[in-house]
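Worksheet: the structure to be examined is printed underneath.
The values are calculated or read from the model by the stated rules, or taken from the named source; none is laboratory data. Because the structure is a prediction, the values reported are computed rather than measured. Positions of Cβ are backbone-derived with ideal geometry, glycine not excepted, and every protein chain shown enters the neighbour counts. Side chains are part of the model used for accessible areas, which takes the heavy atoms of the whole protein and leaves out ligands, DNA and RNA. Shrake-Rupley method; radii C 1.70, N 1.55, O 1.52, S 1.80 Å.
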Amino acid sequence: MNTTIQALTIAGFDSGGGAGLQADLKTFQERMVFGTSVLTALPIQNTQGVKAVYDIPLAAISDQLEVIAEDFSIQAVKTGMLFTDEIIHLTADFLKKVDFGPLVIDPVMIAKSGHALLKDSAVKALIEELLPLAAVVTPNIPEAEVITGMAITSKNAMMEAGKKIQSLGVENVVVKGGHHIEGNESADLLLLSTGESEWLSAERIETKKTHGTGCTFSACITAELAKGVSVEQAVRTAKAFIQAAISDSIDVGHGNGPTNHWAYRKVEQS
């Protein structure tokens, strides 16, 4: 009987180590959760951008899911870059059959460099097949605009978009406000399955070192849910984790640098 808390990330690769499943595994480790992974796509990237994206055979993705299921006790799972409708079909079908605990979806669509990480043809599959399985979905404003088909330029619009996403079958929604410039704070909207909502705000940090923020944020939520904490507390911890990771920057690369995955540990120890 496995007793160590275990989580799974189903995501793409980052050669530079700041995003994708590398960021997820770093975050799991920092939250004292054993991380496992399934590789869905192979982007060749660094902090300056995505150079190319190589496909992973569907059979290889399926085999990875199978070997995780047969050997590990997964208590929470997240998805990141899924890239194609075929990968989404495969992932959704598998998660309907196997209980990996609560599902956190980071609907990855565009890299910081502007390179597409989800094909246009896959958006419909994401909305119709995967989102209804989610315990939590964490879109940023551009992603929420794609999912809802509406422009989001205010907090009222964020609320409306969040409710639309929730109506697609998602239990809990976090609309991240980092792309919405309104004052000196970055405000995320949390809509809970209970009907309650709250704004989680933190100081906006002017920096280019934000590569992998969405991956890290959703991975922290996943790790906390694997421990059995509430969605509200998991999101609060993730907000504090990513705020520390952005604020306490590290000097890596020459473009949009990665966040500091060990920064929150320093906060907790202080």
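Remark: region 137-270 is approximated by an ellipsoid whose semi-axes, taken from the C-alpha gyration tensor as √(5λ), come to 24, 18, 12 Å, largest first.
Counted over all Cα-Cα pairs of the chain, pairs farther apart than 23 Å make up 48 percent.
Each peptide in 5-11, 144-150 was scored by the mean count of other Cβ atoms within 10 Å over its residues; highest first, the order is 5-11, 144-150. Remark: the Lys164-Ser270 segment gains 34.1 nm on full extension, using 0.36 nm per residue and subtracting the alpha carbon distance. From the Kirkwood radius over Cα pairs of region 38-162, Stokes-Einstein at 4 °C and 1.567 mPa s returns a whole-number translational diffusion coefficient of 83 µm²/s. Taking every protein chain into account, the accessible area of the chain amounts to 43 square angstrom per residue (probe 1.4 Å).
Extension gain, Glu232-Ala59: 0.36 nm per intervening residue step, less the Cα-Cα distance, totals 58.6 nm. Computed from the C-alpha gyration tensor, the three semi-axes of the ellipsoid equivalent to region 196-270 are 22, 13, 12 Å, from longest to shortest. Averaging the sequence gap over all C-alpha pairs within less than 8 Å and six or more residues apart, then dividing by the number of residues, gives the chain a relative contact order of 19 percent.
Length available on full extension from Glu185 to Val98: 0.36 nm per residue minus the Cα-Cα distance, which gives 27.3 nm. Scaled against 2.2 N^0.38 Å for its residue count N, the alpha carbon radius of gyration of region 62-111 is 1.15. Other residues with beta-carbon under 13 Å from the beta-carbon of Tyr264 carry, at +1 per Lys or Arg and -1 per Asp or Glu, a net charge of +2.
Ignoring lysines fewer than eight residues from Lys239 along the same chain, the ones with Cα atoms less than 24 angstrom from its Cα are Lys26, Lys78, Lys112, Lys155, Lys163, Lys164, Lys176, Lys208, Lys209, Lys227, Lys266. DSSP beta bridges confined to region 1-147 are antiparallel in about 30 percent of cases. Within region 19-58, which residues have the backbone N less than 12 Å from the label spot 7 Å out from Glu86 along Cα→beta-carbon, could you tell me? Counting only backbone N, you get 55-58. Kirkwood analysis of the Cα pair distances in region 1-63 returns a hydrodynamic radius of 12.6 Å. Rolling a 1.4 angstrom probe over region 1-43 with all protein chains present gives an accessible area of which 61% lies on carbon and sulfur atoms.
Residues of region 31-55 with amide nitrogen under 14 Å from the 7 Å Cα-to-Cβ point of Val67? Within reach of a label on Val67, which here means backbone N under 14 Å from a point 7 Å along Cα→Cβ, region 31-55 contributes 36-40. Looking at the chain alone, DSSP beta bridges between its own residues are antiparallel in about 45 percent of cases.
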